[in-house]
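Okay, so here's the structure we're looking at.
The values are calculated or read from the model by the stated rules, or taken from the named source; none is laboratory data. Because the structure is predicted, anything quoted here is derived from the model rather than measured. Backbone-built Cβ (ideal geometry, glycine too); neighbour counts: all protein chains shown.
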Amino acid sequence: MGLISMKCPACGAVLENVDESREFFFCTYCGNKITYEKQRIEMTGEVSLAGVATAKSLLARGTNALEDGKYAAAAGFFDRALDSNPQLAEAYMGKLAARNSCHQDIDLQKLPIRYTRMDESQSEDDNMILYRRACQYAKGELKEKYEWINGPYHIAICELHEATGNIQSLEKQMKREHDLNESQKKSAVSSAENELKYATENLASCQRSLKDHKKWEWRDIGKPIVFFIILGAAAFFMLSRGNTGAFTLILCGAALISFLVVVIKAIVISGKISKSYQKQNADKAEERLTRALNNLPKTQKEYSQYQTQMAEEKQRFAAYANSILQPLADKVQMFKENS
């Protein structure tokens, strides 16, 4: 006896918890009488299983597909075999081999894949689940064979593979840091070279501007100098002739005044030149060039020292990596020879 749900043909209401053992009942919504009829279908005769694949035949076909390298087809055969017998250890191991593209299950021993968890905190992946099921249902020599696959040789291979991956990861990280630092050092050297080039060109430009400015400022001193030369020569001539009259004294006074005018004008022009922005720019450009000349060798030296430091660090890292990987490689070789 069981309880079922039905739909009233009169009002369409859904009737819950109807006793299927009763021949009729009434709708609780409209009162309609509902007759419950059950049909019984009986089959007589014999059912033939000829042509139906057995778990054993599916296992054999999966093994053949595995050997032929048809891994997807092999996995399908092993799945069908497990549908027939969920405790078929060979099918679990076959699926594991197909999943990892192995022609036979013993090839799994050579793969750097963990088949068991390293500790309880690690979650199982599909490889681990298939291997655990295979070992769980295997008996006798087959169980020993499967456990041997995950033996010392295989564990040593996994340890070497994981250590190699860690070393490569560290090496990539070190290379990224080295490339970044080297790029910064090279950029600093390039900037120092460009700064020196610019400072040299800027100083030359400022000196040309200052030279032009000096020519412009000194242009007005020509006339006083000419007057001084003429008056001085005339006074000297008169004095050399022994003429000390009033005219000679006037010439001497005029020559002296013109000389004072030249001196004063020269002092004023020199002051104006020293305070001009052309002179200030030239002084700044000269200071900048001096700094650039001092900075470039320093930057080049730092870059050279960094390259030497990185070369030594690479050697130390190579020695460290060898100290980690070589013992593991020797361990793998030892287990391989003793297998």
> Has the stretch 279-288 got any residue that is in contact with an Asp or Glu (Cβ under 8 Å, 6 or more places away or on another chain), touching a residue at least 60 places away in the same chain (Cβ under 8 Å) and polar (S, T, N, Q)?
Replying inline: no
> Got at least one residue in the stretch 288-311 being acidic (D, E) and exposed (fewer than 12 other Cβ atoms within 10 Å of the Cβ)?
Replying inline: no
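Tell me the residue from Y306, Y277 that is within 30 Å of K215 (Cβ to Cβ), out of contact with any strand residue (DSSP E or B) (no Cβ under 7 Å at 6 or more places or on another chain), among the aromatic types (F, W, Y) and assigned by TED's automatic domain parsing to the domain that holds K186, please. If you could, list the steps in order and put the result at the bottom.
Numbers: Y306 fails: within 30 Å of K215 (Cβ to Cβ).
Result of the check over Y306, Y277: Y277.
Looking only at residues that are within 60 Å of the chain's Cα centre (by Cα) and among the polar types (S, T, N, Q) in the stretch 250-282, which one is nearest to A234 (Cα to Cα)?
Let us first name the residues in the stretch 250-282 that are within 60 Å of the chain's Cα centre (by Cα), namely 273-282.
Checking the rest, the ones that are also among the polar types (S, T, N, Q) come to 274, 276, 278, 280-281.
Values: S274: 35, S276: 38, Q278: 40, Q280: 42, N281: 44 Å.
Looking at the filtered set, the residue picked out is S274.
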> Does K284 satisfy the criteria of being of a type in the set (K, R), under 30 Å from K214 (Cα atoms) and surrounded by 12 or more Cβ atoms within 10 Å (Cβ to Cβ)?
Replying inline: yes
>> Checking Q136 against (1) over 40 Å from the mean Cα position of the chain (by Cα); (2) outside the structural domain of Y115 (by TED's automatic domain parsing): exactly one of these is not met. Which one?
In response: (2)
